[in-house]
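The values are calculated or read from the model by the stated rules, or taken from the named source; none is laboratory data. Note that the structure is predicted; figures quoted are calculated from it, not measured. Here the Cβ is made from the backbone with ideal geometry for all residues, glycine too, and neighbour counts use every protein chain on show. In case anyone asks, the SASA skips ligands and DNA or RNA and just uses the protein heavy atoms, side chains included. Shrake-Rupley method; radii C 1.70, N 1.55, O 1.52, S 1.80 Å.
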Amino acid sequence: MTITAARMAAVDRNAAALDVSTKQLMESSGHALARAVRDVAEPGDSVAIVAGRGNNGGDAFVAARFLASDFDVAVSLLGRPETITTDIARENWAALQAAEIETKRVLDSTALDLGDPDVVLDGVLGTGVTGALREPERSAIVAANKADATVVSVDVPSGMDADTGDVADVAVEADRIVTFHKLKPGLEGRDDVTVADIGIPAAAEMFVGPGDLLSLERDPTAHKGDFGRVMVIGGGPYTGAPALCAQAALRAGADLAYVACPDAIAGEVQGYAADLIVEPFAGECLQPRHVEDLLADAAERDVVIIGPGLGGANDTLDAVRDFLAGYEGTAVVDADALQVVPDVDTDADLICTPHQGELATMGGPRVDDWEERAALVAEFAANLGATILVKGAYDVISDGETTRANRTGNPGMTVGGTGDVLAGITGAMASTQDSAQAAAIAAYANGTAGDAVVEEQGYGLLASDLLGAIPTALWGER
Ligand SMILES: NC(=O)C1=CN([C@@H]2O[C@H](COP(=O)(O)OP(=O)(O)OC[C@H]3O[C@@H](n4cnc5c(N)ncnc54)[C@H](O)[C@@H]3O)[C@@H](O)[C@H]2O)[C@H](O)CC1
Ligand SMILES: [K+]
């Protein structure tokens with residue numbers, strides 16, 4: 001099992017939200033490094049510790065504190081202490097100063113002198129390396145490789161891309177690598193790697209948290225359409241559902257929200273919000289005769305959300321089946337439309353958002369215990385070849401590979417329409433995230449929005465109250 005650098009950062013942030021601070025993780029990382037150095041050296045040996053100005057260096061500072069009592073430790077910081085990039089690394093640097101452990105500042109590559117150490121601890125760069133190697137980090141890597149010493153690397157050999165293992169320029173040729181929490185993909189297949197458990201609770205990976213929102217960072221050079229053209233196919237017996245869904249998609253960052261609905265209700269749907277682009281089809285409800293045009297429109301969109309307010313009339317379900325059979329993009333399927341998923345043959349990437357009753361109607365598991373449900377939903381999702389987000393006190397999300405649970409939300413959210421809002425957020429997220437991550441973030445944001453509204457005004461929540469709280473739920477906390 002491996003973990004990418006981006007996922008590691010998310011898990012770190014989720015651990016902090018579960019009261020396991022990154023400083024505690026750094027302490028565990030440094031302790032694991034010290035144990036690795038003790039495996040390859042004898043007390044009294046000289047250990048040259050080369051530290052960058054990020055948390056990779058911070059880990060090395062902690063290791064220095066553990067080793068200083070019985071090794072000849074010298075720490076070289078690549079830069080000025082005031083440029084250390086994180087509080088926890090700065091605090092660990094300060095602890096070395098207070099303990100009068102030998103440290104020196106390397107302000108340019110010519111000042112770098114590792115001496116003739118028995119061991120080099122490489123804390124120059126870890127998962128935070130970006131772009132071409134700069135000085136004095138590059139010279140530090142070359143010096144570590146020149147040293148006649150046993151080299152132990154912190155997390156990943158400096159200069160290596162943790163996700164791919166690629167070395168664009170130079171990288172430390174480590175004798176031992178101590179990587180944290182889980183193996184990094186770039187280290188797969190190596191026999192010189194120790195994976196150190198640093199105390200991250202499994203909950204930090206299982207439960208969706210603020211770390212999962214880090215992937216929503218926006219590129220400042222983005223332009224219209226980058227964040228998704230979402231098309232809702234809904235309405236018929238109901239007019240509010242497609243409007244709530246499409247507005248939620250916009251609130252969750254979609255650039256454009258189209259609503260394909262029967263022309264009998266088009267005026268009402270448009271009346272809910274000027275922001276919606278309503279594209280009516282003839283008649284009172286969705287029918288097979290509409291599918292060809294809908295598929296043509298859907299080909300111009302990023303994500304389709306099919307189901308809100310469609311109702312479950314036979315010819316409407318036939319139309320849903322025909323649409324999914326002809327659609328090859330990403331489709332969020334909700335409400336009565338879910339009934340056709342188990343027996344439709346489609347190349348679409350489906351994200352199904354049933355409540356527990358709808359899941360049972362689809363032939364899915366019906367168990368109260370959320371952990372049991374999670375395992376069974378993972379199996380069901382794998383068999384279905386779809387992503388499932390089943391709503392409940394603990395929402396469960398799985399694509400058969402990745403299985404998550406979401407604990408945000410409250411009993412006030414049983415009110416009608418919250419599922420339409422969730423489907424809209426899911427559709428917006430699916431235009432920039434992979435399906436399982438999109439569903440996980442949507443469940444977390446929908447529940448967080450609901451919690452914020454109830455916090456503010458108590459129960460009696462309306463689904464439309466969620467709309468205004470979605471942006472803060474997604475972009476308010478880091
Ligand atoms: N749960 C965990 O896995 C933990 C991991 N820890 C350690 O944290 C690092 C990642 O730390 P981060 O601060 O994000 O980045 P780095 O220290 O790897 O690097 C940032 C540092 O390096 C400079 N820099 C970036 N790119 C370059 C470049 N191309 N040339 C020169 N310098 C560069 C940048 O300016 C910063 O100063 C992870 O690997 C683990 O070791 C946590 O300590 C505990 C939890
Ligand atoms: K390193």
Worksheet, complete the sentence: Checking Gly79, Gly58 in turn, the sole residue that is under 30 Å from Thr164 (Cβ atoms) and away from ligand 2 (no atom under 15 Å from the Cβ) turns out to be Gly79
Fill in: Contacts under 9 angstrom Cβ, first residue in segment 282-293 being assigned by TED's automatic domain parsing to the domain that holds Thr239 and under 17 Å from Met231 (Cα atoms), partner open to solvent by 30 Å² or more (accessible area, probe 1.4 Å) and of a type in the set (Phe, Trp, Tyr), 6 or more apart
none
Worksheet item: When you scan segment 225-257, how many residues do you find that are part of a helix (DSSP H, G or I) and either open to solvent by 10 Å² or more (accessible area, probe 1.4 Å) or not small (Gly, Ala, Ser) (or both)?
Response: 8
Worksheet item: So which residues in segment 375-394 are touching a Lys or Arg at 6+ places or on another chain (Cβ under 8 Å) and open to solvent by less than 40 Å² (accessible area, probe 1.4 Å)?
Response: Val390, Gly392
Item to complete: Quick one: which residue in Lys146, Lys182 is over 25 Å from Arg301 (Cβ atoms), open to solvent by 20 Å² or more (accessible area, probe 1.4 Å), among the basic types (Lys, Arg) and under 20 Å from the mean Cα position of the chain (by Cα)?
Response: Lys182
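Listed here are the residues, each with its yes/no results for (1) near ligand 1 (Cβ under 10 Å from one of its atoms); (2) surrounded by 16 or more Cβ atoms within 10 Å (Cβ to Cβ).
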residue: Ala17; (1), (2): no, no
residue: Ser29; (1), (2): yes, yes
residue: Leu33; (1), (2): yes, yes
residue: Val37; (1), (2): no, yes
residue: Gly52; (1), (2): yes, yes
residue: Gly79; (1), (2): yes, yes
residue: Ala111; (1), (2): no, no
Discussion item. Checking Val156 against (1) open to solvent by 40 Å² or more (accessible area, probe 1.4 Å); (2) within 19 Å of Thr179 (Cβ to Cβ); (3) within 7 Å of ligand 1 (Cβ to nearest atom), only one condition comes out false. Which one?
Written reply: (1)
Worksheet entry | Qualifying positions in segment 128-163 - in contact with a helix residue (DSSP H, G or I) (Cβ under 6 Å, 6 or more places away or on another chain), within 12 Å of ligand 2 (Cβ to nearest atom) and closer than 21 Å to Arg80 by Cα | Val154, Ser158, Gly159
Worksheet item: Of all residues in segment 296-339 being among the acidic types (Asp, Glu) and part of a loop (DSSP other than H, G, I, E, B), which is surrounded by the fewest Cβ atoms within 10 Å (Cβ to Cβ)?
Response: Glu300
Worksheet item: Does Ala140 satisfy the criteria of being more than 11 Å from ligand 1 (Cβ to nearest atom) and either of a type outside the set (D, E, K, R) or open to solvent by less than 20 Å² (accessible area, probe 1.4 Å) (or both)?
Response: no
Worksheet item: Across segment 260-288, what is the number of residues that are of a type in the set (Gly, Ala, Ser) and part of a loop (DSSP other than H, G, I, E, B)?
Response: 4
Worksheet, complete the sentence: Given (1) crowded, with 19+ Cβ neighbours inside 10 Å; (2) within 14 Å of ligand 1 (Cβ to nearest atom), Phe71 misses just (2)
Fill in: Top-ranked residue of segment 159-169 - restricted to ones that are surrounded by fewer than 22 Cβ atoms within 10 Å (Cβ to Cβ) and within 11 Å of ligand 1 (Cβ to nearest atom), ranked as nearest to Gly57 (Cα to Cα)
Asp161
Discussion item. Can you tell me which residue is modelled with the lowest pLDDT among those in segment 85-109 that are more than 11 Å from ligand 1 (Cβ to nearest atom) and aliphatic (A, V, I, L, M)?
Written reply: Leu107
Practice prompt. Can you tell me which residue among Gly115, Gly131 is near ligand 1 (Cβ under 10 Å from one of its atoms) and either open to solvent by 50 Å² or more (accessible area, probe 1.4 Å) or touching a His at 6+ places or on another chain (Cβ under 6 Å) (or both)?
Written response: Gly131
Practice prompt. Search segment 179-200 for residues being among the β-branched types (Val, Ile, Thr) and in a strand (DSSP E or B), and hand back the single one that is nearest to ligand 1 (Cβ to nearest atom).
Written response: Thr179
Item to complete: Please name all residue pairs, on different chains or six or more residues apart, with Cβ atoms under 6 Å, provided the first residue is in segment 326-351 and is closer than 13 Å to Leu389 by Cα and the second residue is polar (S, T, N, Q).
Response: Val332/Thr426; Asp334/Thr353; Ile351/Thr387; Ile351/Thr426; Ile351/Ser435
Fill in: Positions within segment 176-229 being basic (Lys, Arg) and over 24 Å from Ala248 (Cα atoms), in sequence order
Arg176, Lys182, Lys184, Arg190
Item to complete: Would you please name the residue that is farthest from ligand 2 (Cβ to nearest atom), looking only at residues in segment 170-179 that are in contact with a strand residue (DSSP E or B) (Cβ under 9 Å, 6 or more places away or on another chain) and open to solvent by less than 80 Å² (accessible area, probe 1.4 Å)?
Response: Asp175
